[in-house]
Amino acid sequence: MNEYDFDLVIVGAGPAGSSAAFAASSEGVSVALLEKEEAVAETVRTSGVTWIEDAKEFGIPEACYNPISNYSFCSPTKSVTISDEKPKAVVLDVRKTYRHLAEEAQNSGTKLFVNTNVIEIVTDNNKPVGVIAKVSESQVKFNAKMVIDCSGFQSVVVKSLGLAEQWGRFGAGAEYEVKAENVQSDTWWLMVGQEYSPAGYAWIFPVSKDTVRIGVGVGKPESDVDPTERLDKLIEEKKGPIKDLGDITKIEFHYGLIPNDGLSRKTVYDNLILVGDSAGQANPLVLEGIRYAIRFGRVAGRTAANAIKSGDTTQKSLEPYEKNWKKAIESKINSASKIQNRWIGLTDEEWEKELEVISELSADEFLDFIRADFSVSSIVRLATHHPKLAVRQLFNIVKGSQ
Ligand SMILES: Cc1cc2nc3c(=O)[nH]c(=O)nc-3n(C[C@H](O)[C@H](O)[C@H](O)COP(=O)(O)OP(=O)(O)OC[C@H]3O[C@@H](n4cnc5c(N)ncnc54)[C@H](O)[C@@H]3O)c2cc1C
């Protein structure tokens, strides 16, 4: 068996893995980034919405995204559009963005191994000290001082070590990227109510002037609806704003799963860190995790490099990583989970009322809400002083869990 020695092995070259690799190799440790597919982002499993502020902070080139400034919501009977002066959301060219992140890691010294499927974790006294990967028909061993699990929903490292079970609650999403006749490239649609998704939502996210992603997400185990079947039906029947797209031609199908079990996993062990979907780091309101994967991937990479350089990769020396991400998002995610629990059970009539509440929000309030970036002062203001009782009630839910 071929064998390699690295300081750090990172499993999975999604946004979490490439960002962790970039940060760790920038700190001067040797990093192997292992990806099972033939190329980074060969399969797209996400719709790629994120926020312009984060994209700029992460240095993602403008050519990688399409800006959004109108946020439309519809239920079967009502629609609301919140318009902003400047775009604050973006829809990523996922392949271009993920490849950019992986290139950044390689430019800082990371060695990327594609077509390298991690199948076993090498341990010493139950602590990971490397991995075995299948490369074509042979096996390759990667020895390391520590491992970062960035394998996404599959969480291959932590599950192989028996430290976590498969996610019990998750979202399943299906999406077509399509060429469409009429695209409003600065406007997204979120479509809610039973016919769109009995536990989740459907969406239209514009990627460019002539291309959009139309998708359906369904919460599991809350609903047994198959998102692909529901998506095909919505497109065939040209439901709601899908009709306004005119003629459409499907160009690519995307399918993926995202954990929705809250922040239930421990994310540091001796010689091991979990980041991104393997750690369950996603905003549960709209199940978006890309910016957390990048942000905390970088924190994990730096923490791992410092631990390796200090010669102490025990759980204790990796704890600053867990403290960092918990401080940044734990209370926000808990608040967003409460709203999600309210949303998941709404009838069409209740959605109609919820859209009335949403239409009362300014663009900034709406975006803070949907991003789960609740600032305490704005929550208190909305929960206490907003003229509409329903808005006060909604924000009291958030306030109660901060
Ligand atoms: C349908 C859908 C829509 C979504 N839409 C959005 C959105 O609009 N905005 C947003 O922010 N988030 C969205 N998300 C969530 C987002 O995609 C994830 O939070 C994000 O991709 C997490 O990044 P990651 O690097 O942790 O995992 P991933 O992106 O899943 O990357 C994991 C990588 O590990 C590799 N891998 C897995 N197993 C192995 C193995 N054994 N050996 C080697 N490599 C392996 C995989 O091939 C993959 O490249 C969506 C998710 C789904 C399912």
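What lysines sit close enough to LYS145 to cross-link, taking a C-alpha to C-alpha distance under 26 Å and skipping anything fewer than 8 places away on the same chain?
Reachable lysines: LYS36, LYS111, LYS127, LYS134, LYS159, LYS266, LYS309, LYS316, LYS323, LYS326.
Among LEU33, LEU257, which comes first, second and so on when ranked by fewest other beta-carbon atoms within 10 Å?
LEU257, LEU33
Sort CYS64, CYS150 so that the residue with the fewest other Cβ atoms within 10 Å of its own Cβ comes first and the one with the most comes last.
Sorted ascending by nearby Cβ count, the order is CYS64, CYS150.
Give the order of MET146, MET191 when sorted by the count of other beta carbons within 10 angstrom, beginning with the fewest.
MET191, MET146
To the nearest 0.05, how large is the calculated FRET efficiency for ARG392 and ASN334 if R₀ is 22 Å and r is the Cβ-Cβ distance?
0.65
Assuming R0 = 51 Å, can you tell me the calculated FRET efficiency for the pair THR77 and LYS159, based on Cβ-Cβ distance, to the nearest 0.05?
With R0 = 51 Å, the Cβ-Cβ based efficiency is 0.70.
With θ taken as phi - 60° and the coefficients 6.51, -1.76 and 1.60, list the Karplus ³J(HN,Hα) couplings across the stretch 181-195 in order, rounded to whole Hz; mark glycine and proline as x.
Each residue's phi maps through the Karplus curve to give 6, 10, 10, 9, 6, 9, 10, 9, 10, 10, 10, 10, x, 4, 6 Hz.
Quick one: dipole size for the chain, taken about the Cα centre, charges +1 on Lys/Arg Cβ and -1 on Asp/Glu Cβ, in debye to the nearest 20.
1020 debye
Looking at the P(r) of the stretch 335-399, how many percent of alpha-carbon pairs lie beyond 13 Å?
Of all Cα-Cα distances in the stretch 335-399, 62 percent exceed 13 Å.
For every helix of n ≥ 4 consecutive DSSP H residues, a contribution of -39,500 (n - 2.57) applies; sum these over the chain, divide by its total residues, and give [θ] at 222 nm rounded to the nearest 500 deg cm²/dmol.
Taken over the chain, the calculation gives -11000 deg cm²/dmol.
Hey, rough spin-label estimate for VAL135 and ASN324, points 7 angstrom out along Cα→Cβ, what's it come to in nanometres?
It works out to 3.0 nm between the two label points.
Give me the dipole magnitude in Debye, nearest 20, for the stretch 214-307 about the Cα centre, with unit charges on the beta carbon: positive for Lys and Arg, negative for Asp and Glu.
Using Cβ point charges on Lys, Arg, Asp and Glu, the stretch 214-307 gives about 540 debye.
Using Cα positions and a limit of under 26 Å, work out the lysines in reach of LYS238, with same-chain residues fewer than 8 apart set aside.
Result set, ordered by chain and number: LYS78, LYS179, LYS209, LYS220, LYS250, LYS353.
Could you check the simple spin-label distance between GLU3 and ASP348, using points 7 Å along Cα→Cβ, in nm with one decimal?
6.5 nm
Obtain the nm distance between the two label points defined at GLU252 and GLU62 by a simple spin-label model: each point lies 7 Å from its Cα along the Cα-to-C-beta direction.
Rounded to a tenth, the inter-label distance reads 2.3 nm.
Please list 3J(HN,Hα) in residue order for the stretch 148-163, calculated via the Karplus relation 6.51 cos²θ - 1.76 cosθ + 1.60 where θ = phi - 60°; whole Hz, with x for glycine and proline.
So the Karplus estimates, Gly and Pro as x, are 10, 8, 10, 7, x, 3, 5, 6, 5, 6, 5, 6, 4, 7, x, 8 Hz.
Counting each pair of different Cα atoms once, what's the Kirkwood radius of the chain in Å, rounded to one decimal?
21.8 Å
The numbers here are math on the coordinates, done by the rules we state, and not lab data. All figures in this text were calculated on a predicted structure; none of them were measured in a lab. Note: ideal-geometry Cβ built from the backbone for every residue, glycine included; neighbour counts use all protein chains shown.
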